Amino acid sequence: MRWRVWAAAVVFGFGFLLWADDLSQLEGPSWPAPGEQSFPEQHEKLIQQVKARNNQFPTQGTIGYRDDLCGPDEQGRLKSHRIYILMRYSFAPVLIDLRGDHPGSLVLTSKGIHFEQKAQRP
Amino acid sequence: MILILFALALPAAICTAGLRIYWPAAQVRPMGWVFLACLGTGVGIGFASCYFFLWYPAFGHPNSGFIVAELFALGALATLLYQYLKRPHKKGQPVFLETPPSLWAGRLWVPFTVLAILATRYVWSYYLAEPHGYWDAYAFWNVRARYLYRGTETWRDAFAAYPLQDHPDYPLFLPATIARCWLYAGEDDTLAPITVAFLMAVLTAGVLISGLSLLRGGGQGWVAGMALIGSHQYVENIGIQYADVPLAFFIVASAIAFVFHDRTGRSSCLFPALAGMLAGLAAWTKNEGLLFLAAIVGSRGAVALFGPGIRPFLREQGWFLLGLLPIGLTILYFKVEFAPPNDLVAGQKPATLGQIADWSRHELILKEFASAIWNHGRYMLLILIAYTVLVGRPPVSRRGPGIAFIFVLLLSVAAGYYLIYLTTPYELSWHLMTSLHRLIVQLWPLALLGYFLAVATPDEAGKVVPSDPPKS
């Protein structure tokens, strides 16, 4: 009964058209604009600049982290979490600790990120 | 890129050659070679990730010494395998249907290739836009690979349980494989993670297509391959560099090894041992793999009660455990020595009992499960139902064992996921929203395996293959 096979092929063909449309809808909306870098790439570049400005920046071990930028509300906490995850990714293998006291700390402010040694704190 | 491919190809080639020794019948068909290569590659790079991780506590941070040791060990193994392969061997029993596909069914690779090219184009475009992957990729998989690769004395920080450190207890197949590729490449670029992600997707398609081609013939493998890629969620998951597609490979490969075991009269030790290795590697990929490990043993037991009986079950599980042993010990060592407590387990409280009795949670989970299955690939469920109505079931003489096992396994794993959501310490709707669609991706190739074992092939539907004679 060849017509069944042809009908099944038409069904699959219809599914293929829907699939192609779904894939095209995935492309673009949340992607960086053409020519622009993704958020993690921008972050990686920023972190290299922070490291370059601070010749005492460690290459291993644990440093502290303080977020003076994002607010305590729900949106602020989500933004802070995302930035922390990217910091951890970019600074690896240096571990970033939200708790505790460390000789050096990353500080996030409205003016950017800087690395602060204990002795330098106001 | 060449060095990354070399790092992946080395253990893959050795394992494929090893499998070839135990299953010489595979050489009779091209698809037999593809099947062996897919399984061998998965097992090979899985084992490589295990001994790469074990090198750290034994000898410290891997460097060029690891590469020399690995080349030497694999070279010695390759020499032994070559000497063994040179001798004449019995071909062994083939396990596939002797009827080759018809001319037109044999050309179904053409539409599959078109879909594969479009899917690859999407994955490559996504990589160019987001080379570091999406959230989970840089929140835990690739960041842990960085700790392993970059941290010379502080590699244990990869498992540090700091606040907001997501899932430090997750096993290490993906991070260790990526870090090993970086060691060979000499730098931690973004090519290694996407290469591993794409390779695992290719292996999944390969094992599904070749396995079904051997078991069912008649173009069935290519149709299953099209259905696999036909899920846009599945294709999306490849590009974002998550661990769901690698887990899906180990799940379907382990299941298909047992189906082959059933089709060979349950006499071989190769297939249960392979199933054990692959199930172990599933557990080495994500914690959901531990659930799968329990489910596959339970499913085999349940099916044995109504079928072959307890003695064949115990015999096959003996080989299964032997295959699982090296990877199981690695997982145990990792969990005991390095991994902090799992967040879902550690978060259990006396209130969990109240959660189990809360009917609104059951209602929400069932509703979300139904919605996730319905929305997986647009109208995919309807398309598969229509396909079933049109092609029907195969003739009785061409139905083989293994289908019931696949469906019991799927239900067992789904039941396990259901229980996890019921008892989750997280807010339920958040947990469902952020993870359920990916659990469907993990089980998608397995579901297709069961489905395409159960329905007629294009040749059977087109009556190219003779149907059963009418009963007199």
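Each reported figure results from applying straightforward, stated rules to the coordinates on display, with no laboratory input. Quantities reported herein were computed from a predicted structural model and do not represent experimental measurements. Positions of Cβ are backbone-derived with ideal geometry, glycine not excepted, and every protein chain shown enters the neighbour counts.
Within chain B, how many Lys pairs that are eight or more residues apart, or on different chains, come under 27 Å at the alpha-carbon?
6
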Enumerate the calculated ³J(HN,Hα) couplings along the stretch B:200-208 in order (Karplus 6.51 cos²θ - 1.76 cosθ + 1.60, θ = phi - 60°), each rounded to whole Hz, writing x wherever the residue is Gly or Pro. 5, 5, 5, 5, 4, 4, x, 6, 5
Mind sorting A:Lys51, A:Lys111 by how few other Cβ atoms lie within 10 Å of their own Cβ, fewest first? A:Lys111, A:Lys51
Of the candidates A:Ser105, A:Ser80, A:Ser30, which one comes out as most mobile in a Gaussian network treatment of chain A with C-alpha springs shorter than 10 Å? A:Ser30
Quick one: work out the % antiparallel among DSSP beta bridges in chain A, nearest 5. 45
Once you place label points 7 Å from the Cα toward the Cβ at B:Ile310 and B:Leu364, how far apart are they in nm? 4.3
What distance in nm lies between label points placed 7 Å from Cα along the C-beta direction at B:Glu153 and A:Trp3? 8.0
For peptide A:86-98, the mean count of other chain Cβ atoms within 10 Å per residue Cβ is 6
Please name whichever of B:Tyr418, A:Phe14, B:Tyr387 sits farthest to the positive end of the charge dipole of the protein assembly as shown, dipole taken about the Cα centre and charges placed at Cβ: Lys and Arg +1, Asp and Glu -1. B:Tyr387
Which of the DSSP-defined H helices in chain A satisfy a minimum axial length of 20 Å, computed from C-alpha atoms, and a minimum mean Kyte-Doolittle hydropathy of 0.5? A:2-26
Can you work out the Karplus-derived ³J(HN,Hα) for every residue in the stretch B:131-139? Use 6.51 cos²θ - 1.76 cosθ + 1.60 with θ = phi - 60°, whole Hz, and x for glycine or proline. x, 8, x, 9, 2, 4, 5, 8, 7
Calculate, in nm to one decimal, what B:Arg393 and B:Trp374 gain on full extension: separation in residues at 0.36 nm each, minus their alpha carbon distance. 4.5 nm
In nm, give the distance between the simple-model label positions of B:Gln83 and A:Leu98, each being 7 Å from the Cα along the Cα-to-Cβ direction. 5.8
Would you work out which of A:Leu26, A:Phe91, A:Ser105 lies farthest towards the positive end of the dipole of the protein assembly as shown? Charges go on Cβ: Lys and Arg +1, Asp and Glu -1. A:Leu26
Among B:Phe452, B:Phe250, B:Asn142, whose Cα projects farthest towards the positive end of the dipole of the protein assembly as shown, with charges put on the beta-carbon of Lys, Arg (+1) and Asp, Glu (-1)? B:Phe452
Please work out the FRET efficiency for the pair B:Leu322 and B:Asn63, using the Cβ-Cβ distance as r and a Förster radius of 35 Å; give the result to the nearest 0.05. 0.60
Burial ranking of peptide ranges B:388-398, B:191-201, B:125-135 (average Cβ count within 10 Å, highest at the top): B:191-201, B:125-135, B:388-398
Point-charge dipole on Cβ atoms (K/R +1, D/E -1) for chain A, about Cα centre, debye to 20: 280
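For peptide A:17-29, compute the average count of partner chain beta-carbon atoms within 10 Å of each residue's beta-carbon.
Shielding by partners across A:17-29 averages 5.
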Calculate how many DSSP beta bridges within the protein assembly as shown are antiparallel, expressed in % of all such bridges and rounded to the nearest 5. 45
With x for Gly and Pro, the residue-by-residue ³J(HN,Hα) of the stretch B:115-122, computed from phi through the Karplus equation 6.51 cos²θ - 1.76 cosθ + 1.60 at θ = phi - 60° and given in whole Hz, is 4, 5, 5, 5, 5, 5, 4, 5
How large is the charge dipole for the protein assembly as shown, taken about the Cα centre, if only the Cβ atoms of Lys, Arg (+1) and Asp, Glu (-1) carry charge, to the nearest 20 debye? 1840
How crowded by other chains is B:114-121, given as the mean number of beta carbons from other chains within 10 Å of each beta carbon? 2
The long-range amide H neighbours of A:Leu95, using H built 1.01 Å from N in the peptide plane and a cut-off of under 5 Å, are A:Gly61, A:Thr62, A:Ile63
